[in-house]
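*Asks:* Right, I'll just put the structure down here and ask away after.
The values are calculated or read from the model by the stated rules, or taken from the named source; none is laboratory data. Only a predicted model underlies this, so the values are computations on that prediction, with no experimental measurement involved. Positions of Cβ are generated from backbone atoms using ideal geometry, with glycine treated the same way; all protein chains shown enter the neighbour counts.
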Amino acid sequence: MFDIVRNNKKITQIFLALITLPFAFWGVESYVRNAAIDAELASVGRGKITRQEFQVAVREQQDRMRTQAGGKVDPAMFETPQMRRAVLDSLVVQRLLAEQAHKAKLVISNEQLVQFIAAVPSLQENGKFSKERYEALVAAQGMSKEMFEARLRQDLAMQQLMLPVTEAGIAGQVAAGRWLATQMEQREVSEAPLLPENYLGRVKLAADAVQKYYEANRKQFELPEQVRAEFVVLSRDALAAASVISDEEARKYYASHGERYKEGDTRRASHVLIRVDKGAPAAEVAAAKAKAEQLLAQVRKTPGDFAKIAKDNSQDPGSAEKGGDLDWFSRGAMVKAFEDVAFTLKEGQISDVVRSDFGFHIIRVTGVRPERVKPFDEVKADIVAELKREAGAKKYADVAEAFGNVVYEQADSLKPAVEKWKLDLRQSPWLAKGGKFDPPFDNQKLAAALFSDDGLKNKRNTEAVEVAPGTLVSARVLEHKPAALQPLEAVRGDIEKRLLREEAAVLAIKDGEEKLARLGKGEAVDLKWSPVRKISRTEAPGLPPESLRAVFAADAAKLPVHAGVAYPGKGYALYRISSVKAGETAKDDPRTRALAQQYARIVAEEEFAAWLASLKESYPVKINNAMLESKDR
């Protein structure tokens with residue numbers, strides 16, 4: 001939903017996504033008038049950020065990242081200083097914007113909010129606002145309507161506030177041209193890597209080197225404390241899958257939700273797209289339109305060749321390979337200009353050239369389906385799945401508390417819970433304390449409970465831990481191994497290999513630096529150079545960033561010129577630059593357009609950063625670093 005807000009200005013979209021989407025929202029007014037309900041973590045102007053708000057923001061970010069990663073996110077990553085600071089910085093920026101919005105008296109009226117929501121295509125059905133779709137969207141966000149609308153008001157207010165700033169940065173043509181030329185400059189490069197393994201024969205370790213390393217790094221050779229556990233899982237999804245839905249129940253649901261299965265007028269179409277940006281110069285627009293008109297003449301002359309013409313000429317990568325086919329779509333699925341034309345054509349008709357935000361289209365309608373009600377058999381599987389989800393959610397809600405009570409009250413065994421709810425009693429592999437675990441033990445709370453005194457000494461059930469939404473787990477230690485130091489003889493070989501490689505890498509780096517110095521003096525050096533390849537600052541596949549910087553930092557006034565990069569522990573890399581080709585910035589080159597947009601973003605980012613700095617002067621920011629870094633959170 002919030003992405004829709006940003007469809008009109010790309011740069012503003014980027015800033016809003018970075019600043020607002022990942023973290024907690026409290027509404028503009030509550031930002032400015034927050035009540036003192038918790039310890040103060042930071043202050044921004046006359047408002048403050050409490051520890052409670054910060055913790056909510058961390059949880060929301062964790063939930064968002066867990067969803068994106070399919071549930072696999074290590075909770076420990078949110079305890080790093082970098083992540084905690086990033087969350088706080090985001091909240092600080094939100095407060096700065098809120099203070100400025102309040103000062104500027106930026107208010108989104110109820111009427112504006114209603115108009116905006118009602119105009120969102122995905123919330124419309126047959127061209128009219130659908131209350132059911134709106135409620136489904138809000139429910140999917142896990143919010144009340146009031147919270148959802150408060151967030152949307154804030155997003156719209158932020159857009160109004162930020163848009164003049166992000167759009168004010170104008171990239172000068174001369175500066176932009178120089179930057180583009182620099183980015184597209186090409187250099188022909190050969191590489192000569194000096195790898196540690198080639199220097200192993202020169203390394204001689206001291207007789208006591210292994211012993212000294214072992215004594216100085218004993219922690220490295222400790223085997224951590226380990227446990228093996230049995231566990232049970234009470235899952236809403238499993239309860240849903242086990243639910244049995246009769247044909248009669250499904251038909252009853254179908255009869256009472258008839259509106260849901262109405263399908264509006266749909267079309268199937270193919271198109272040829274000639275891309276041109278919405279704000280492209282007039283010359284580019286004219287060239288793209290002329291190309292589209294030329295292709296339109298071809299398809300009108302030989303309609304049977306539409307698919308071939310689309311495949312050879314369309315600039316829509318998603319459909320070109322399929323002969324321009326876009327499959328079936330309903331109203332609201334395509335951009336308005338495209339849709340308005342597609343739904344006026346009859347099957348087999350070809351449109352005139354149509355302009356949209358993406359460029360110029362030639363549309364051919366290949367199928368028409370009038371409005372209809374989907375038959376029961378067509379939707380039966382979806383209905384059964386929905387009823388199973390509802391049944392699973394209801395049963396989970398009914399038994400979750402009882403499950404927690406049973407594993408707590410009968411803490412010496414998980415069998416009572418297994419027998420009562422017909423659950424599987426599973427066993428874990430050995431789990432090393434502080435290591436990375438597979439689900440469900442990747443949950444920090446569950447893992448900590450297993451390694452607690454009660455879990456290790458008394459081997460009692462852990463409490464029922466919610467490891468994911470709708471999933472409770474209780475576990476019990478079966479076996480325990482205390483931490484132990486591996487004897488020197490068991491690790492001697494590994495230590496020796498490590499020390500040999502480290503010393504060999506030092507020799508490789510020293511040799512590389514000496515060779516680079518000799519090459520700089522014009523001396524002949526015996527090296528095996530790789531084949532020459534062309535690279536630029538934007539296209540250098542496989543080349544590490546440090547090497548890329550070194551190659552383009554080399555003074556190419558006199559060729560060939562050499563550069564070198566040391567990689568501690570990995571050796572040294574020498575580079576020979578034999579040719580330099582100035583960057584070319586043809587206007588019709590897609591790379592030029594992409595880089596120009598990148599440069600515009602850089603300018604906008606600088607403008608935005610300067611504006612934020614000025615806001616920090618107007619609304620001073622104070623951070624309680626001791627509380628931010630505190631372990632007691």
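*Asks:* Go through (1) in contact with a helix residue (DSSP H, G or I) (Cβ under 6 Å, 6 or more places away or on another chain); (2) crowded, with 17+ Cβ neighbours inside 10 Å and name the single condition F376 misses.
*Replies:* (2)
*Asks:* Let me ask something else. Answer yes or no as to whether S270 is modelled with pLDDT under 90 and among the hydroxyl-bearing types (S, T, Y). Let's see the steps before the verdict.
*Replies:* On the way: modelled with pLDDT under 90: no; among the hydroxyl-bearing types (S, T, Y): yes.
No.
*Asks:* Could you grab me the full set of residues in the stretch 528-573 that are over 30 Å from K497 (Cβ atoms), assigned to a loop (DSSP other than H, G, I, E, B) and of a type in the set (A, V, I, L, M)?
*Replies:* Within the stretch 528-573, V532, A540, A554, A556, A557, L559 meet the criteria.
*Asks:* Go through the stretch 561-613 and count every residue that is hydroxyl-bearing (S, T, Y) and either modelled with pLDDT under 90 or in contact with a Phe, Trp or Tyr (Cβ under 9 Å, 6 or more places away or on another chain) (or both).
*Replies:* Taking the stretch 561-613 and keeping what is hydroxyl-bearing (S, T, Y), we get 567, 572, 575, 578-579, 585, 592, 599.
When the remaining residues are screened for being either modelled with pLDDT under 90 or in contact with a Phe, Trp or Tyr (Cβ under 9 Å, 6 or more places away or on another chain) (or both), the result is 585, 592, 599.
Of the residues in the stretch 561-613, 3 are hydroxyl-bearing (S, T, Y) and either modelled with pLDDT under 90 or in contact with a Phe, Trp or Tyr (Cβ under 9 Å, 6 or more places away or on another chain) (or both).
*Asks:* Restricting the stretch 412-442 to residues that are in a strand (DSSP E or B) and not charged (D, E, K, R), which is surrounded by the most Cβ atoms within 10 Å (Cβ to Cβ)?
*Replies:* First pass over the stretch 412-442, keeping only residues in a strand (DSSP E or B): 426-427, 431-432.
Now restrict to residues that are not charged (D, E, K, R): 427, 431-432.
Values: Q427: 10, L431: 22, A432: 15.
Among them, the one singled out is L431.
Matching residues to (1) assigned by TED's automatic domain parsing to the domain that holds L205; (2) farther than 30 Å from S579 by Cβ; (3) in contact with an Asp or Glu (Cβ under 6 Å, 6 or more places away or on another chain):
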| site | (1), (2), (3) |
| --- | --- |
| R498 | yes, yes, no |
| A517 | yes, no, no |
| G522 | yes, no, no |
| D526 | yes, no, no |
| K534 | yes, no, yes |
| R537 | yes, no, no |
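*Asks:* Further question: Within the stretch 370-411, can you find the residues that are part of a loop (DSSP other than H, G, I, E, B) and in contact (Cβ under 8 Å) with a residue 12 or more places away in the chain?
*Replies:* If we filter the stretch 370-411 for residues that are part of a loop (DSSP other than H, G, I, E, B), which is where we start, we get 370-371, 374-375, 410-411.
Scanning the stretch 370-411 gives P370, E371, K374, Q410, A411.
*Asks:* Now for a separate question. Surrounded by 14 or more Cβ atoms within 10 Å (Cβ to Cβ), of a type in the set (A, V, I, L, M) and touching a Lys or Arg at 6+ places or on another chain (Cβ under 9 Å): which single residue out of A391, A400 fits that description? Write out each step before concluding.
*Replies:* Details: A391 fails: touching a Lys or Arg at 6+ places or on another chain (Cβ under 9 Å).
Only one candidate passes the filter, namely A400.
*Asks:* Evaluate the stretch 293-305: report whether one residue or more is in contact (Cβ under 8 Å) with a residue 40 or more places away in the chain, in a strand (DSSP E or B) and over 30 Å from D382 (Cβ atoms). Explain how you work it out, then say what you get.
*Replies:* Pass one, the stretch 293-305, residues in contact (Cβ under 8 Å) with a residue 40 or more places away in the chain: 293, 295-296, 299-300, 303.
Pick out the ones that are also in a strand (DSSP E or B) and you get none.
Within the stretch 293-305, not a single residue is in contact (Cβ under 8 Å) with a residue 40 or more places away in the chain, in a strand (DSSP E or B) and over 30 Å from D382 (Cβ atoms).
*Asks:* With respect to the numbered conditions (1) in contact (Cβ under 8 Å) with a residue 40 or more places away in the chain; (2) among the charged types (D, E, K, R); (3) exposed (fewer than 14 other Cβ atoms within 10 Å of the Cβ), which one is the sole condition not fulfilled by E514?
*Replies:* Result: E514 passes all but (1).
*Asks:* Please determine whether any residue of the stretch 355-364 is touching a residue at least 24 places away in the same chain (Cβ under 8 Å), in the same structural domain as G279 (by TED's automatic domain parsing), aromatic (F, W, Y) and outside any loop (DSSP other than H, G, I, E, B).
*Replies:* Filtering the stretch 355-364 down to residues touching a residue at least 24 places away in the same chain (Cβ under 8 Å) leaves 355, 357-364.
Checking the rest, the ones that are also in the same structural domain as G279 (by TED's automatic domain parsing) come to 355, 357-364.
Those left that are additionally aromatic (F, W, Y): 358, 360.
Remaining after also requiring outside any loop (DSSP other than H, G, I, E, B): 360.
Yes, the stretch 355-364 has at least one match.
*Asks:* Kindly check whether there is at least one residue in the stretch 142-151 that is under 23 Å from the mean Cα position of the chain (by Cα) and at pLDDT 85 or above. Working first, answer last.
*Replies:* Going residue by residue through the stretch 142-151, those that are under 23 Å from the mean Cα position of the chain (by Cα) are 142-143, 148, 151.
Pick out the ones that are also at pLDDT 85 or above and you get 148.
The answer is yes, given that some residue of the stretch 142-151 is under 23 Å from the mean Cα position of the chain (by Cα) and at pLDDT 85 or above.
*Asks:* Okay, next question. Which of the residues spanning the stretch 221-232 are surrounded by fewer than 18 Cβ atoms within 10 Å (Cβ to Cβ) and within 26 Å of K415 (Cα to Cα)?
*Replies:* Initially, the stretch 221-232 is screened for residues surrounded by fewer than 18 Cβ atoms within 10 Å (Cβ to Cβ), giving 221-225, 228.
Matches in the stretch 221-232: R228 only.
*Asks:* If you check every pair at least six apart or on different chains, which have Cβ atoms under 6 Å apart with a residue in the stretch 616-627 that is free of Cβ contacts under 8 Å to residues at least 40 places away in the same chain and assigned by TED's automatic domain parsing to the domain that holds L91 first and a residue that is of a type outside the set (G, A, S) and in a loop (DSSP other than H, G, I, E, B) second?
*Replies:* Short answer, once both residue conditions are applied: none.
*Asks:* Taking the stated definitions as given, is A432 under 28 Å from K395 (Cα atoms) and in the same structural domain as A241 (by TED's automatic domain parsing)? First the steps, then the outcome.
*Replies:* On the way: under 28 Å from K395 (Cα atoms): no; in the same structural domain as A241 (by TED's automatic domain parsing): yes.
No; evaluated as a whole, the condition is false for this residue.
*Asks:* I've got another one for you. Of all residues in the stretch 306-324 being out of contact with any helix residue (DSSP H, G or I) (no Cβ under 7 Å at 6 or more places or on another chain) and of a type in the set (D, E), which is surrounded by the fewest Cβ atoms within 10 Å (Cβ to Cβ)?
*Replies:* Residues of the stretch 306-324 out of contact with any helix residue (DSSP H, G or I) (no Cβ under 7 Å at 6 or more places or on another chain): 307-308, 312, 315-319, 322.
After this cut, where a residue has to be of a type in the set (D, E) as well, the list is 312, 316.
Working: D312: 12, D316: 19.
Looking at residues that are out of contact with any helix residue (DSSP H, G or I) (no Cβ under 7 Å at 6 or more places or on another chain) and of a type in the set (D, E), I get D312.
*Asks:* What are the residues in the stretch 534-551 that are surrounded by 15 or more Cβ atoms within 10 Å (Cβ to Cβ) and under 14 Å from E191 (Cα atoms), if any?
*Replies:* Within the stretch 534-551, I535, A540, L543, S547, L548, A550, V551 qualify.
Every residue, every condition in (1) modelled with pLDDT of 95 or more; (2) in contact with a Ser or Thr (Cβ under 8 Å, 6 or more places away or on another chain), yes or no:
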position: G318; (1), (2): no, no
position: S330; (1), (2): no, yes
position: I350; (1), (2): yes, no
position: V354; (1), (2): yes, no
position: D357; (1), (2): no, no
position: F360; (1), (2): yes, no
position: P370; (1), (2): no, no
position: A393; (1), (2): no, no
